[in-house]
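Below: one structure, written as structure tokens.
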Amino acid sequence: MSCKSDVFKKAIDTVRLLSADGVAKAKSGHPGMPMGCADYAFTLWSEFMRFRPEDPTWLGRDRFVLSAGHGSMMIYSLLHLFGFGLTIDDLKSFRQWGSLCPGHPEYGHTKGIDATTGPLASGLASAIGMAIGMKQFQAAIGGCDRLFNQKVYVISGDGCIMEGTSHEACSLAGHLKLDNLILFYDDNDISIEGCTDIAMTEDVGVRFAAYGWNVINIDGHCVKQIRAAIEMARVTKGKPTIIIGKTIIGKGAPNMAGSEETHGAPLPEAELKAAKVALGFNPEESFVVPADVRALVDQKLAAKAACAAEWDSKFAAFKAGMEADKVALMDALLTKAVPANILEQLLKAVPEKAVATRVSGGEIMNAAAKLVPSMTGGSADLNPSTKTYLKGLGDFTADNRAGRNIHFGVRELGMGLIANGLALAGYAIPFSSTFMVFSDYMKPALRLAAIQQLHEVFVFTHDSIFVGEDGPTHQPIEQLAMFRSIPGLTTIRPAESNEVAHAWAAALQADGPVVLCLTRQNLKNLPADVVANRMSVAKGAYVVSCEEGFEVILIATGSEVNAALGATEILRAKGKKVRVVSMPSWELFEKQSAEYKEKVLPKSCCKRVSIEASSTFGWAKYVGFNGLTIGIDHFGASAPAEKLAEEYGFTPECIAKRIADYLG
């Protein structure tokens, strides 16, 4: 073996041992996967991946997603070696308070992390969104394959492959022929409970071939085979590639390699020392990077810097030759630009007649898409129902990468996580859509969008029991409470079409993920004076109508605002003085000043009523323990919407009676 190859092997073993040392010092973590994947990971990072450590968001870079996020010490070891700013002391603080090396990779927390991963296969699905976004960007600006040939590299383990997420997302990736996606499957036959054959015996290669993927099988510890597989994957056209690498979990640990005992616990001290001896390292030293390994990595970094400079030069020449409108489009995509007067523009698209907010939402988002080039997305096979198709903007397909409509198919979970990846790619404000009750399938995507503070919009229609005849399986009850319980997620439930325009404007200008909840049933617009003078969805709540000396405040959302106004007329006829507040967003309201909150919901009025055709959970925060919550704390039934309103007490008459009884 040559001296050069000796150093390369030592570098791979350095990754193994840095990872094992980090887990050992933390007394917590997963050493087996990093030790087993080190051959592939170091070969990829040193010889193939394009990146610029001093500029982690460099436009010309490849992306790397560790979908098997429990193996995070491996990526931290690589980030340290390749100059992304992680120090040895950072590696020593793995999994500790305030560390740059948390238990699972966190986007926005550690430089060089392209996606927050943890829930298995979520990273793989988001990587597919990145691949779509990169294809869209290239097609939009007319970039050539010699310049925009970046790849998305993913490492997944058996857990990712078992999770249903991988089926939904990888099926779509094959259909779309995303040849900029390269997945390494760490096929070590081990999961937490033991050998994977206790629960999984499928032929993964055949499965992915059926999806339309290019399948390569290799020895995951043979650098020669790894290099050949990556080279083949990089030049494959018309198919994403899965490299199935047979590996040994805990590779290098002389007595425990291949055992599930290396998966989720530190190596015993004696075993870690034995591994260091077996790999030619001093057993009494930890967190060691040999000088010749440093020198090798420095050589690799110098080559990468030269490659990046060459790319920058080519990109500058490309940009200089672009037409002005293409340059403007590229800048708009990279900055996700939204016009300052977006609300004014969207209000022009509001229908005058009474329509469902899903219908006005469709018209308004189409107007928005013409103003915001970065808007892209689709539904889970529900465009005719959710009204989320962008007219005239084409479909993203294997033959048309410029299309801005993405047909996700009946794949809610995959859709949400792919949309997260679109946001992470850096060129899009993505949207995804389905019926609100099916947001249950999307909870992982919603949560990860909130954790990463991704700017994207989740459009959920058919937002209450007034879905009607489809019955309780399709009628959301607890979903609003679920949305509101997720930190960092903004939920907006507009009362009518003007509020929808306000909601879309707020969503497009948000600094994190936004959920829009829209109706199936028609809703009449609020009076013109309310729209012109008082409507303020961006503040979360505002006064719709009010009488001097009001004795009760009605707080309603969505379709129930109209019902509250109807009930108010009945109450006023009985001599009651009422204030009506539309509260489309709890989260936006909570961001307002104490003075504004007091102006809308003055403490002096302790008689308060919430009205929402959903679970009453959480409304005590605004109405108090002595307030009245009008909602539905049970599942619905199959019947026309009008009948459900009567039976469940959401007609103006029913609401007025309950309030009158409450007031006494």
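Some notes on this structure:
- Qualifying residues in the range 180-200 (those that are more than 23 Å from GLU231 (Cα to Cα) and hydrophobic (A, V, I, L, M, F, W, C)) - the one surrounded by the most Cβ atoms within 10 Å (Cβ to Cβ): ILE190
- When THR557 is tested against (1) buried (at least 23 other Cβ atoms within 10 Å of the Cβ); (2) modelled with pLDDT under 95, exactly one condition is not met: (2).
- The residues of the range 397-450 that are charged (D, E, K, R) and in contact with a helix residue (DSSP H, G or I) (Cβ under 8 Å, 6 or more places away or on another chain), listed by number, are ARG401, ARG404, ARG411, GLU412, ASP440, LYS443.
- Within the range 343-389, the set of residues being assigned to a loop (DSSP other than H, G, I, E, B) and either farther than 22 Å from ILE406 by Cβ or among the charged types (D, E, K, R) (or both) comprises LYS348, ALA349, VAL350, PRO351, GLU352, LYS353, ALA354, ASP381, LYS387.
- Hey, ARG50 within 20 Å of GLY245 (Cα to Cα) and among the basic types (Lys, Arg) or not: no
- Selection within the range 201-256 - within 30 Å of the chain's Cα centre (by Cα), outside any helix (DSSP H, G or I) and surrounded by fewer than 14 Cβ atoms within 10 Å (Cβ to Cβ): GLU202, ASP203, LYS237, GLY238
- In the range 593-623, residue surrounded by the fewest Cβ atoms within 10 Å (Cβ to Cβ) [restricted to those that are small (Gly, Ala, Ser) and closer than 25 Å to ILE465 by Cα]: ALA620
- Flag for CYS37 being at pLDDT below 95 and either surrounded by fewer than 24 Cβ atoms within 10 Å (Cβ to Cβ) or within 25 Å of ILE249 (Cβ to Cβ) (or both): no
- Residue count, the range 170-183 (criterion: in contact with a Ser or Thr (Cβ under 7 Å, 6 or more places away or on another chain) and either more than 30 Å from ASN405 (Cα to Cα) or not in a loop (DSSP other than H, G, I, E, B) (or both)): 2
- Residue within the range 126-136 that is in contact with a Cys (Cβ under 8 Å, 6 or more places away or on another chain) and either in contact (Cβ under 8 Å) with a residue 40 or more places away in the chain or crowded, with 22+ Cβ neighbours inside 10 Å (or both) present: yes
- Reported count of residues in the range 184-200, each being among the charged types (D, E, K, R) and part of a helix (DSSP H, G or I), is 1.
- Residue ID - farthest from LYS319 (Cα to Cα), chosen from residues in the range 14-72 that are without any contact (Cβ under 8 Å) to a residue 40 or more places away in the chain and of a type outside the set (Phe, Trp, Tyr): GLU54
- Conditions (1) touching a Cys at 6+ places or on another chain (Cβ under 8 Å); (2) farther than 18 Å from GLU547 by Cβ: number failed by ARG579: (2)
- Restricting the search to helices (runs of 4 or more DSSP H) fully inside the range 489-591 and requiring at least 1 residues that are outside the structural domain of GLY421 (by TED's automatic domain parsing), over 33 Å from the mean Cα position of the chain (by Cα) and within 30 Å of MET375 (Cβ to Cβ) gives 560-573.
- Qualifying residues in the range 504-550 (those that are touching a Phe, Trp or Tyr at 6+ places or on another chain (Cβ under 9 Å) and among the β-branched types (Val, Ile, Thr)) - the one farthest from ALA594 (Cα to Cα): THR519
The values are calculated or read from the model by the stated rules, or taken from the named source; none is laboratory data. Nothing here was measured: the structure is a model prediction, and the numbers come from that model. Every residue, glycine among them, receives a Cβ derived from its backbone with ideal geometry; neighbour counts consider all protein chains shown.
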